[in-house]
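S.K.: If you scroll down you'll find the structure; I have some questions about it.
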2 protein chains.
Amino acid sequence: MQEYSDNNKTSKATDNALEKLIKATKADMDEVNSLILSRTNSHVDMVPELAQYLIQSGGKRLRPMLTIACANMFTQNQKMGLKKSVYFAAAVEFMHNATLLHDDVVDESNMRRNKPAARIIWGNQASILVGDFLLGQAFLMMVETGDIEALKVLSKAATIIAEGEVFQLAKIKDINTSVKEYDLIIRSKTAALFEAATKVGAMAGGADVSSYQSLGLYGSELGRAFQLVDDALDYGGVKGVLGKNTGDDLREGKMSLPIILALKKANRSEKKLIISALGDQNCKEEILEKIIKFMQKEQILQSVIKEAEKSVIKAKDALKNLPASSLKNLLGEVADFCLLRAY
Amino acid sequence: MQEYSDNNKTSKATDNALEKLIKATKADMDEVNSLILSRTNSHVDMVPELAQYLIQSGGKRLRPMLTIACANMFTQNQKMGLKKSVYFAAAVEFMHNATLLHDDVVDESNMRRNKPAARIIWGNQASILVGDFLLGQAFLMMVETGDIEALKVLSKAATIIAEGEVFQLAKIKDINTSVKEYDLIIRSKTAALFEAATKVGAMAGGADVSSYQSLGLYGSELGRAFQLVDDALDYGGVKGVLGKNTGDDLREGKMSLPIILALKKANRSEKKLIISALGDQNCKEEILEKIIKFMQKEQILQSVIKEAEKSVIKAKDALKNLPASSLKNLLGEVADFCLLRAY
């Protein structure tokens, strides 16, 4: 899965960082949400039905909130900047949801955000096409701002995301996938959109080049950390707690970091077990549990989280040269929040 | 199928219009083709492999040629305009091919341009994702020109195409589909890209508003005529000649004009026959032949071609106020060519 699920235990501290971000961006996010709603409209009923089912299904809207926060670090009360950031934020959320629709078809996922995936209700065909519609609307909204530089950032991100997804697909069940290749995949499929979200936010706010580059770096490292934590949670996180989606990556044959590291540490029989389960849609719970136990014994999920920690440190470092503000502090807390989810 | 196939008999006159267009745009199309080749490149091997397989598979590149022709009506020898038109032409071809990749997954097509569809070789998943990549690259190329007005035209077209495809999907096997609804579908899924292709070409050439609107209208009507003829050819055209792809629309349950008109003319038992075949992937050749015979008896394919003729007349009318040039005359011939394919 590419998104963390709501059913993962989060500590009070992490809730606070997210709650604070929600509160800090609320006024603008109301505008973003109206824009999202109006831009899913179509004379073809299936378009708003499917799009709104997904978009209104309780995603946290982290990416558009980051866009708004990064814009408002520079433009509190600047009307024009504000409007642009709202358009960019909605575009980022549309791009994200378009990716989710296509991902669910590619991964043959049945659930998304604790509800049946759109493809289960409307079919794969509609999911592909409504994804295309959302991508088109995302570009249209960006174009309407007239900001060519921001457009370059977001359209570049769109190709990098797709490229990363193809790379991930090409590596399915490839047990020779390297850590470096995994890193390239998550930097493309996940970090690229976080990076674009923060960068175009800062651009909309009128930030100078050095500041929007810094916020882009923050977004990129935050996105990388997020994906690493997600990939750890897919094997139950540090505590090895099994949830609804645990084992999805294993059953889909995804070469995420936990599996790459596990294969490195495994002896012959452990390797055989992992390989037999990899990509087996019908892999039994007891096999999954065995693999998770092995991962815990070898502290593999801790190693994955350590990688995430490195990115969180880099993300926070990237904020250092930016002017002091409560939003800047909040972005630092959001980076920490991302790690706490793993425990 | 959304594209005419090479195996349809074309008269010498039609070949000439197409040959002339190829010749008239050759110098620029060489640049377009290099750009296309370089922009399918990626560190992920599967991307250029799949993309080039499709793009180099003998499509006529009609849309990008139209873009180039419309630009050159205004800018013979204007370097900057020329460069833009090359980027727009490549972007238009990428958008078209992205649509084809997704269409083939949606329609579960096995063949495309007389070769196995990309999805048969690389799978549905790769086809979806490489389609997304091409769409991203299309936007990136347009953004690189810095032309916001043209970007608006092409991103608007992208959403309209997707919307049209969803509408078509929603109407599958819906025997109450009206002629008006069919018209909206083909204006969206096909005519919108032809319209964008000609309009942004003219824009790149520096045409005034009235001229690029006229060429947009030309493109739109040409695209509509094209799709009508394609839809007639799917039932063997006016002569009822059965080819490789004949009956695809029927088997996919597509409510194209021949079926809508046939249902209107059919008596109870004929209606029953058509409905039983509609959407039946395994519909036998003899049933298809019966339906085509009925269509010929009722002159249904002639009626479809008459609709196409109306659009060709409108397309040629749209050219009237443009400055005289050999390219303008050629565009008129191209419109006629589109009709001749039906015979």
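The values are calculated or read from the model by the stated rules, or taken from the named source; none is laboratory data. Computed from a predicted structure; not experimentally measured. FYI the Cβ positions are ideal-geometry reconstructions off the backbone, even for glycines, and counts take in every protein chain you see.
S.K.: Please give the number of the condition B:Glu270 fails out of (1) buried (at least 24 other Cβ atoms within 10 Å of the Cβ); (2) without any contact (Cβ under 8 Å) to a residue 40 or more places away in the chain.
M.R.: Here B:Glu270 meets the rest and fails (1).
S.K.: Within region A:288-302, identify whether any single residue is touching a helix residue (DSSP H, G or I) at 6+ places or on another chain (Cβ under 9 Å), outside any helix (DSSP H, G or I) and not β-branched (Val, Ile, Thr), and answer yes or no.
M.R.: yes
S.K.: If I filter region A:96-109 for residues that are touching a Phe, Trp or Tyr at 6+ places or on another chain (Cβ under 6 Å) and either more than 9 Å from every other protein chain (Cβ to nearest Cβ) or surrounded by fewer than 24 Cβ atoms within 10 Å (Cβ to Cβ) (or both), do I get at least one hit?
M.R.: no
S.K.: Residues in region A:153-189 that are of a type in the set (Val, Ile, Thr), part of a loop (DSSP other than H, G, I, E, B) and either farther than 29 Å from A:Lys271 by Cα or more than 10 Å from chain B (Cβ to nearest Cβ) (or both): how many?
M.R.: 2
S.K.: If I ask for residues that are touching a helix residue (DSSP H, G or I) at 6+ places or on another chain (Cβ under 8 Å), polar (S, T, N, Q) and either in a helix (DSSP H, G or I) or farther than 18 Å from A:Met65 by Cβ (or both), which ones from region A:316-329 would you list?
M.R.: A:Asn321, A:Ser326
S.K.: Also, quick follow-up: Output the residue which, of all residues in region A:74-90 that are within 9 Å of A:Thr145 (Cβ to Cβ) and at pLDDT 95 or above, is surrounded by the most Cβ atoms within 10 Å (Cβ to Cβ).
M.R.: A:Phe88
S.K.: Sticking with this one: What number of residues within region A:154-176 are in contact (Cβ under 8 Å) with a residue 60 or more places away in the chain and not acidic (Asp, Glu)?
M.R.: 10
S.K.: Could you check region A:36-46 and list, in sequence order, the residues that are surrounded by 21 or more Cβ atoms within 10 Å (Cβ to Cβ) and more than 13 Å from chain B (Cβ to nearest Cβ)?
M.R.: Listed by number, the list holds a single entry, A:Ile36.
S.K.: Being in a loop (DSSP other than H, G, I, E, B) and hydroxyl-bearing (Ser, Thr, Tyr) narrows it down to one of B:Tyr212, B:Tyr235, so name that one.
M.R.: Result: B:Tyr235 is the single residue among B:Tyr212, B:Tyr235 that is in a loop (DSSP other than H, G, I, E, B) and hydroxyl-bearing (Ser, Thr, Tyr).
S.K.: Any chance you could count how many residues in region B:110-124 are more than 10 Å from chain A (Cβ to nearest Cβ) and part of a helix (DSSP H, G or I)?
M.R.: Residues flagged as more than 10 Å from chain A (Cβ to nearest Cβ) and part of a helix (DSSP H, G or I) within region B:110-124 amount to 4.
S.K.: Another question, if that's okay. Could you figure out which of (1) in a helix (DSSP H, G or I); (2) more than 21 Å from B:Met111 (Cβ to Cβ) isn't true of B:Ala207?
M.R.: Tallying (1) in a helix (DSSP H, G or I); (2) more than 21 Å from B:Met111 (Cβ to Cβ), B:Ala207 fails exactly one: (1).
S.K.: Starting from region B:196-222, take each residue that is closer than 8 Å to B:Cys70 by Cα and touching a residue at least 12 places away in the same chain (Cβ under 8 Å) and list its partners that are buried (at least 24 other Cβ atoms within 10 Å of the Cβ) and among the charged types (D, E, K, R), counting only C-beta distances under 8 angstrom and pairs at least six apart or across chains.
M.R.: Here the result reads B:Leu215/B:Lys199, each pair linking region B:196-222 to a residue that is buried (at least 24 other Cβ atoms within 10 Å of the Cβ) and among the charged types (D, E, K, R).
S.K.: Condition first: among the hydroxyl-bearing types (Ser, Thr, Tyr) and buried (at least 17 other Cβ atoms within 10 Å of the Cβ). Now tell me which residues in region B:47-73 satisfy that.
M.R.: The answer is B:Tyr53, B:Thr67.
S.K.: Select, from A:Gly332, A:Gly279, the only residue that is assigned to a loop (DSSP other than H, G, I, E, B) and either crowded, with 16+ Cβ neighbours inside 10 Å or of a type in the set (Gly, Ala, Ser) (or both).
M.R.: Answer to the check: A:Gly279.
S.K.: Now, a different point. May I ask you to verify whether B:Ala232 is of a type in the set (Gly, Ala, Ser), surrounded by fewer than 22 Cβ atoms within 10 Å (Cβ to Cβ), at negative phi and at pLDDT 95 or above?
M.R.: No.
S.K.: Okay, moving on. Given the condition touching a Lys or Arg at 6+ places or on another chain (Cβ under 6 Å) and surrounded by fewer than 24 Cβ atoms within 10 Å (Cβ to Cβ), answer yes or no: does some residue in region B:165-184 qualify?
M.R.: Scanning region B:165-184, I find at least one residue that is touching a Lys or Arg at 6+ places or on another chain (Cβ under 6 Å) and surrounded by fewer than 24 Cβ atoms within 10 Å (Cβ to Cβ), so the answer is yes.
S.K.: For region A:125-137, give me each residue that is free of Cβ contacts under 8 Å to residues at least 40 places away in the same chain, crowded, with 24+ Cβ neighbours inside 10 Å, within 7 Å of chain B (Cβ to nearest Cβ) and more than 11 Å from B:Ile161 (Cα to Cα). I'd like the intermediate steps shown before the answer.
M.R.: Keep residues of region A:125-137 that are free of Cβ contacts under 8 Å to residues at least 40 places away in the same chain, which gives A:125, A:128-129, A:131-132, A:136.
After this cut, where a residue has to be crowded, with 24+ Cβ neighbours inside 10 Å as well, the list is A:128-129, A:131-132, A:136.
Right, trim to within 7 Å of chain B (Cβ to nearest Cβ) and you get A:128-129, A:132, A:136.
Listed by number, the list holds a single entry, A:Ile128.
S.K.: Among A:Gly253, A:Gly237, A:Gly223, A:Gly205, which is closer than 26 Å to A:Glu165 by Cα and modelled with pLDDT under 95?
M.R.: Working: A:Gly253 fails: modelled with pLDDT under 95; A:Gly223 fails: modelled with pLDDT under 95; A:Gly205 fails: closer than 26 Å to A:Glu165 by Cα.
Only one candidate passes the filter, namely A:Gly237.
S.K.: From the set of residues in region A:138-149 that are more than 7 Å from chain B (Cβ to nearest Cβ) and more than 24 Å from A:Ile186 (Cβ to Cβ), which is surrounded by the fewest Cβ atoms within 10 Å (Cβ to Cβ)?
M.R.: Once the filter is applied, the top-ranked residue is A:Glu149.
S.K.: Please go through region A:238-265 and give me each residue that is part of a helix (DSSP H, G or I) and within 25 Å of A:Ala315 (Cα to Cα), ordered by number.
M.R.: Result: A:Leu257, A:Pro258, A:Ile260, A:Leu261.
S.K.: In region A:11-62, what residues are under 15 Å from A:Ala90 (Cα atoms), in contact (Cβ under 8 Å) with a residue 60 or more places away in the chain and not in a helix (DSSP H, G or I)?
M.R.: A:Thr40
S.K.: Moving on to the next point. Please work out if B:Glu93 is surrounded by fewer than 21 Cβ atoms within 10 Å (Cβ to Cβ) and assigned to a helix (DSSP H, G or I). It would help to see each step written out before you state the result.
M.R.: Details: surrounded by fewer than 21 Cβ atoms within 10 Å (Cβ to Cβ): no; assigned to a helix (DSSP H, G or I): yes.
Taking the combined requirement at face value, the residue does not satisfy it.
S.K.: Can you tell me which residue among B:Ser311, B:Ser326, B:Ser256 is polar (S, T, N, Q), touching a residue at least 40 places away in the same chain (Cβ under 8 Å) and touching a Phe, Trp or Tyr at 6+ places or on another chain (Cβ under 8 Å)?
M.R.: Matching residue, one of B:Ser311, B:Ser326, B:Ser256: B:Ser256.
S.K.: Does region A:110-124 hold any residues that are surrounded by 20 or more Cβ atoms within 10 Å (Cβ to Cβ) and among the hydrophobic types (A, V, I, L, M, F, W, C), and which are they? Full working, then the answer.
M.R.: Looking only at region A:110-124, we keep the residues that are surrounded by 20 or more Cβ atoms within 10 Å (Cβ to Cβ), and these are A:112, A:117-119, A:122, A:124.
Within region A:110-124, A:Ala117, A:Ala118, A:Trp122 qualify.
S.K.: Taking the stated definitions as given, is B:Asp30 surrounded by fewer than 18 Cβ atoms within 10 Å (Cβ to Cβ) and within 14 Å of another protein chain (Cβ to nearest Cβ)?
M.R.: Taking the combined requirement at face value, the residue does not satisfy it.
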